[in-house]
Each structure stands twice: as C-alpha cells, then as structure tokens.
Amino acid sequence: MDRRTFASLLAGTIAASALPASLRAQSVIGNQRAFMAALAEKPWLLGYLGSPSIDLHGSVNIVSGQVPPDLRGYFLRNGPALHDIGPDRFAHWFDAPGMVQKFTFAGDGQIRHHGRLIDTYRNRTEAATGRIAFSAFGTHGHGLSSGGSADGQNPANISLLEHAGELLALWEGGSPHIIDPETLDTSGLKSWSAETKGLPFGAHPRRDRDGSIWNIGYSIDPAALILYHISSEGTLLKTHILPQQATPMIHDFMITDTRIVVVAPPYSTVGRAEGAFIDRFEWQGDAFTRILVIDKNDLSNVAIVEADPFWVFHFGNGYDIGASEIGFDFAHHDNPSFMTQDAFAVMDGSWDGKDSAAWRYVQARLDLSSGQLRMEKMPELGQVEFIRTDERENLEAHRYSLMLAQPSHTGAYGLNRILLMDRRTGTSMHFDVSGNEILEEHLIVPKPGKADEFWIIGTALDWKTARTILSVYDGLRLSDGPVLRAELDIALPLGLHGTFVATAEHT
Ligand SMILES: [Fe+2]
C-alpha cells in the first residue's frame with residue numbers, strides 16, 4: 001500500500017472528526033439529574049454511576065475459598081469509567097474515559113487491586129478541567145471539540161491486549177495506548193509504522209498460531225476497512241486497505257488458517273456529517289449482512305457472501321472446515337438497538353427493564369462454494385453476550401465457549417448467568433449469581449501445565465452492597481460455584497473487556 005493512500009486515509013479520519021460546531025447542533029449530552037433521580041428508584045443503576053476517583057486502591061477481602069496457588073498474574077479489565085465529569089454526564093455507555101482495573105495474584109494467597117485512568121489526551125484534559133470537552137461515540141453538542149484528530153477524542157476504553165511484551169489499551173477509532181502493567185502508567189500512543197500512525201485500530205485483535213496478531217479498523221472518510229498483520233515480535237508485517245461504498249460499523253472479526261472473516265452488518269454510514277459518531281450510521285433492516293472472506297495470503301482477494309440482516313458485536317472463534325467451509329460461533333442480535341437505544345437509556349436511567357432486541361447464541365457454518373450461511377440459533381439459552389474461548393483452541397473447531405447469559409428478564413440492565421457451552425457434546429453448564437449481582441465479562445484462563453483445564457475468572461457488581469465481586473471457578477466444574485470469591489470494598493463501574501497476563505511463575 002503506497003504512502004499516499006495511507007495519508008489520504010489519515011487526513012480523512014481527522015476531517016471526519018473536525019466538524020464545525022454548527023453541524024453538531026443536535027445536543028444529546030447526558031442528563032445527570034435524570035440519572036441521579038432514577039438511581040434512587042433503580043439501585044442497579046449503580047453500575048453506570050462511574051468511578052469515584054481516577055486512581056483507586058480497593059481492599060480485597062477473600063469471602064470464601066482460596067486463591068489457587070498456581071494462579072499468578074494480573075487480571076486486567078478496561079471500560080468506560082468517568083461517566084460524570086463535573087456537572088456533565090456522557091450520553092452513552094461507550095463514551096467515557098477508560099480506566100484499567102488490575103487485580104494482582106502474586107502467589108501469596110492474597111489479591112490486590114489498583115484502578116487508574118488511562119492517560120490519553122482526552123482523558124487527561126477532561127479529568128483536569130472537570131468538564132466534558134470532546135465529542136464522543138454517543139455524546140455531542142454544546143460546542144464540544146473534535147480534539148483535532150481521532151486520537152484527540154480517544155478514551156482508550158474498550159479492551160486490553162498483551163502483545164510482544166507490551167500491554168495496550170484499545171479503542172477502535174484510533175491508536176492503542178501503551179500501559180505499564182506494574183504501575184498502570186500510560187507511556188504514550190502505539191504506532192505500528194509511520195504510514196499507519198493514528199489510524200483506527202480495532203478493539204478485538206485475533207492471535208494466530210505463530211503468535212502474530214491480525215486486526216481490522218474502519219475509516220469513515222474515505223470509507224474503508226484497514227487490515228493489519230503484526231508479528232509475534234510486534235513488527236508490522238503487512239497492511240491493506242479495502243475501500244468500501246459506505247463504512248459498516250465492525251466491532252469484531254475472525255481469522256482461520258487461511259482466511260480473515262469480516263462480518264459487515266447493514267449498519268453503515270449514510271453520508272451524514274453532523275452529530276456524534278453513532279449518528280453517522282443508520283440501520284438498514286432490509287439490506288444484507290455482508291460477510292467478507294479475505295485470503296490471508298492475498299489481502300486484495302475478497303469473496304463476499306450475503307446473508308439476511310443481523311447485527312453482531314462478538315464472535316467466539318473461527319476455523320476452516322475443509323477447503324470451502326468456515327465454522328464459527330457468535331452472539332446474534334436482530335439489530336443494533338442494544339447500542340442505539342438501550343445503552344443511551346441506561347445512562348439517563350430511563351431504561352424500562354426490557355431489552356429492545358433479542359441476542360442469542362448461534363453456531364454457524366459458512367459454505368463458500370454455495371454462498372450459504374447456516375445458523376443454529378439457541379434462544380433457549382436466553383440473551384447472551386461477551387463470548388470468550390480458550391486461546392489454546394484458536395483457529396480450531398473449539399470445544400468450549402464461555403459467555404454471559406440472562407435466561408429471563410430481571411429488570412436490571414445486565415447479565416446474571418455464567419454459561420459454558422461444550423460444543424463437542426452439545427451440552428452446557430452454568431452458574432447463576434445472586435439477583436443483586438450484574439456480571440461483567442469472564443475469561444477462560446489456562447491452568448499451567450494442564451492442556452485441557454482452565455479457570456474461569458471474572459467480576460460482578462453487587463449493587464445492593466455496593467461491592468465489586470471477583471470470582472474464580474474451576475472451569476470444568478463451573479456449576480459447583482466459585483473456588484474463590486473475593487469482595488472489593490468499593491463498587492467499580494461496569495466495564496467491557498479484560499485480559500489475564502500470566503507472570504513468570506505461571507508457565
Ligand atoms: Fe467488544
């Protein structure tokens with residue numbers, strides 16, 4: 001890819017952000033007063049109140065069980081955390097400055113917590129001035145600034161990736177930020193090359209068998225998808241730009257041994273320049289979801305399969321089945337209303353207790369020779385999201401998929417069942433937390449030296465006691481309940497994605 005193409009992409013990314021205030025007239029800054037009034041009536045809204053501080057040291061009390069002696073490392077989570085900045089409140093759950101929450105398993109039987117604001121330009125500026133200063137994913141108006149570039153608005157609030165000795169905090173509109181896992185200091189922006197500096201880099205990179213990672217980004221103006229392949233040593237191996245007619249919003253993707261699979265729902269830019277980022281996209285429910293199947297060896301070689309419309313945030317894992325089929329699993333949404341409606345309503349407290357669309361676990365097979373996508377939907381599992389798999393099964397017909405589920409409505413905006421699907425036997429096991437708890441993403445963490453065994457680790461918010469709960473389960477005995485349950489003496493805001501970084505002893 002030549003330098004001029006990258007230069008025009010970067011210029012477009014900046015231009016799309018640098019809108020004059022007159023074009024951002026549809027003010028939808030959040031409603032702090034409405035939220036606080038709703039919180040008094042709906043105490044589960046505590047999960048969306050935001051962090052009380054930009055630097056948190058909680059005290060962790062082990063309530064039951066014990067820390068497995070060979071579980072050593074950092075459990076790190078990211079998510080939007082400062083929902084209120086002074087008198088201002090963000091309008092959407094995905095907007096706020098990101099914080100890393102770190103739980104340290106040092107091998108001494110104890111767990112320590114440290115939470116810290118990720119020191120991006122945006123986050124630092126807003127925390128210092130005590131006002132929301134920049135446009136965001138779902139917040140705009142009131143003369144908010146573009147920040148001058150995509151990274152000027154970057155809250156680094158979606159996920160974390162450990163790669164080639166670096167811990168990176170990821171957004172999807174701009175660059176990763178480099179974090180020191182010991183101190184949680186932010187040392188700056190990560191760029192992979194001069195040409196790709198500042199370009200969108202997605203929040204869900206995929207790790208290949210050789211330790212290299214693949215990632216995507218999407219650019220609005222010009223409309224394009226960007227593909228990245230980065231070696232296990234952290235060097236950029238190749239990039240490619242795929243021009244699009246309109247930019248689809250794409251949060252996650254898959255790789256197989258031979259292909260990159262990008263599912264593009266019909267939620268695309270419609271040429272609208274005003275408003276928050278989300279306002280530039282529109283759901284076209286009568287259009288296809290397009291599945292782009294890209295040859296890993298020739299990134300310009302793209303086959304497209306059209307399927308009935310659906311929305312997706314997250315996939316489990318993809319894999320080749322013979323030469324012309326691809327298997328995968330994912331959380332299928334009828335449409336993106338979780339993001340376009342519910343995630344606004346929870347921020348002003350108006351959410352009415354019912355999800356606006358169904359999201360369900362799906363196992364799928366894509367037949368490239370016939371162009372058919374076959375989906376086995378499992379609505380009996382209830383609403384499901386935050387699917388994770390065992391990285392040791394990457395690119396394989398994986399046996400286990402871990403997810404959060406909600407088998408029936410509870411009235412709270414959140415999930416309360418941890419569910420492990422055994423795809424080999426077609427059975428599942430689960431553990432339900434109490435009705436006062438809202439789960440956050442849980443991870444599959446391999447047990448050292450045991451190829452088929454793993455822990456399940458994750459957090460939940462007990463909104464009744466205003467405590468964040470950290471639990472560890474023996475993965476294959478999930479339904480027995482946690483082998484460790486620990487309680488933080490503070491309530492952390494509900495976040496998005498995490499990772500477990502094993503330390504040297506965890507081999
Ligand atoms: Fe995600």
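Values quoted throughout were computed directly from the atomic coordinates according to the rules given, and no laboratory measurement underlies them. Just so you know, these numbers come straight off a predicted model, no measurement behind them. Glycine gets a Cβ as well: all are built from the backbone with ideal geometry, and neighbour counts include every protein chain shown.
Using +1 at the Cβ of each Lys and Arg and -1 at the Cβ of each Asp and Glu in the stretch 3-502, identify which of His314, Ile158, Gly371 lies farthest towards the dipole's positive end.
Ile158
Helix-derived [θ] at 222 nm for the chain: sum -39500 (n - 2.57) over DSSP H runs of at least 4, divide by residue count, nearest 500?
-2000 deg cm²/dmol
For an R0 of 56 angstrom, estimate the FRET efficiency from the Cβ-Cβ distance between Asp286 and Asp108 and round to the nearest 0.05.
Plugging the Cβ-Cβ distance into 1/(1 + (r/R0)^6) gives 0.45.
Between Ala224 and residues 5 or more places away or on another chain, which pairs have amide H atoms under 5 Å apart, with H built 1.01 Å from N, and which residues are they?
It is Ser219, Gln244, by chain and number.
Counting Lys and Arg as +1 and Asp and Glu as -1, each charge on the Cβ, what is the dipole of the chain about the Cα centre in debye, to the nearest 20?
Around 480 debye, computed over the chain.
Taking the Cα centre of the stretch 305-409 as the origin, how large is its charge dipole in debye, to the nearest 20, when only Lys and Arg (+1) and Asp and Glu (-1) carry charge on their Cβ atoms?
140 debye
In whole Å, how far is the Cα centre of the stretch 158-232 from that of the stretch 318-364?
24 Å
Within a 10 angstrom radius of the beta carbon, how do Leu420, Leu478 rank from fewest other beta carbons to most?
Listed from fewest to most nearby Cβ atoms, that is Leu478, Leu420.
How high is the FRET efficiency between Thr410 and Gln245 when r is their beta carbon distance and R₀ equals 30 Å, given to the nearest 0.05?
In this case the efficiency is close to 0.10.
If you average the sequence gap of Cα pairs under 8 Å that are 6 or more apart and divide by the length of the chain, what percent do you get for the contact order?
16 percent.
Taking the chain, how many lysine pairs are there with alpha carbons less than 25 Å apart, if each pair must be eight or more places apart or span two chains?
Count of close lysine pairs: 12.
P(r) tail for the stretch 3-502, what percent of Cα pairs lie past 46 Å?
5 percent
Taking the number of other C-beta atoms within 10 Å as the exposure measure, put Glu441, Glu453 in order starting with the fewest.
Glu453, Glu441
Given a Förster distance of 51 angstrom, what is the FRET efficiency for Lys450 paired with Ala34, based on the Cβ-Cβ distance and rounded to 0.05?
0.50
Could you work out how far apart the two model spin labels at Asp422 and Asp55 are, taking each label as a point 7 Å from the Cα in the direction of the beta carbon, and quote it in nm?
Modelled inter-label distance: 4.9 nm.
Among Gly217, Leu117, Gly148, whose Cα sits farthest toward the positive end of the charge dipole of the chain (+1 at Cβ of Lys/Arg, -1 at Cβ of Asp/Glu, about the Cα centre)?
The residue sitting most towards the positive pole is Gly148.
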